1. At a Förster distance of 45 Å, what's the computed FRET efficiency of residue 106 paired with residue 15, Cβ-Cβ distance as r, to 0.05?
2. Run the numbers for residue 75 and residue 204: contour at 0.36 nm per residue of separation, minus the present Cα-Cα distance, in nm.
3. What is the distance, in nm, between label points placed 7 Å from the Cα along the Cα-to-Cβ direction at residue 122 and at residue 6?
4. Pull out the extension gain between residue 56 and residue 29, defined as 0.36 nm times the separation in residues minus the alpha carbon to alpha carbon distance; nm, one decimal.
5. So, by mean Cβ neighbours within 10 angstrom, what's the order for 42-51, 102-111 with the highest one leading?
6. Once both labels are modelled 7 Å past Cα along the beta-carbon direction, what's the residue 257-residue 236 spacing in nm?
7. Could you check the simple spin-label distance between residue 180 and residue 82, using points 7 Å along Cα→Cβ, in nm with one decimal?
Amino acid sequence: MSEQVANLAASTLSAAITSTSATTLTVTSASTFPGTGNFRIKIDTELMLVTAVSGNTFTVTRGIESTTAATHLNLAPVTHILTAGGLAQYVSDHAGSGPSTTLTASSFTWVNQQDATATNGTGSVLFTLPSSTASPNNVFQFLSRPWTTGTVSAVFDILYPLFHLTNGQYWSFGFLESATNKTLWLGPTGGEATAQPLWIGSAQLPEYTYANVSQSFIPITDRMYLQIENDGTNLYFRISKDEGLSYATVYQEAISAGHFTTGPDHWMFGGINYGNSTTWPPLLMRLVDCTEAP
């Protein structure tokens, strides 16, 4: 069960704990605590893990995180706290919902590769789109991987470029329907006179015949923590500003919204050369971490 947290959750014991082996306790009021386990409480110098809540009664694991089970007086303060163990568990629960998926270049299938390349690094996959004058114009070049429902949390280093104000090379991450090559993706915008926000676009590969679906004015950095989810009904794009600790939804739509014929069955990342009249440096997009969760 995932780690739960709440603000300013506190109460007192409504009865003394007279045994160091007791696994239930009752508080005066549980109204400010999480409604279910797991969460951590402190009574005197003992830390406990609450694994279940029933009314004002907590089921607990005693003496956790190197503390010692002890007896406690009636009306002793009971405080919900975030401990070192609780924080580690919360990160594990919420930053991708599981261990990283080990991926290499061979884990992906090319969609319209042409002159793009994928090479393996130490625990990473580097996608490279050559200088724009050498690349096909207005054509998507992507790596794709089978995936239907669930969540993909990915960390990308955008080595160059972060964005261009007009024409250039753009990175993307999102959904692919393999039978039709229809896509819905997140990436930086172009054609603006100000610093570029992220946007959601749709296209049918390989041509860059896109629709600008939505814009989210979130700064683009050289390391992006991104997440997509398909719950079987809706599609979600999320971004993290705290290195994957939590994700905020920046766009969602129903699978039936019209961008796909039946629905996506792959996730993908890569780039596009848009306008090759200028020699831009190569686009380098490195996948440094990825978690695929059901």
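Here, each number is a calculation from the coordinates, and none is a lab measurement. These numbers were taken from a predicted model, which means no experiment stands behind them. Here Cβ is always computed from backbone atoms with ideal geometry, including for glycine, and neighbour counts include all displayed protein chains.
1. Details: r = 61 Å, r/R0 = 1.36.
It comes to 0.15.
2. Details: separation 129, 0.36 × 129 = 46.44 nm, distance 6.53 nm.
Answer, rounded to one decimal: 39.9 nm.
3. My value for the distance between the label points is 4.5 nm.
4. Values: separation 27, 0.36 × 27 = 9.72 nm, distance 0.58 nm.
Using 0.36 nm per residue and subtracting the Cα-Cα distance, I get 9.1 nm.
5. Values: 42-51: 18.7, 102-111: 15.4.
Per-residue mean Cβ counts within 10 Å order the peptides as 42-51, 102-111.
6. Going by the 7 Å Cα→Cβ label model, 1.4 nm.
7. 4.2
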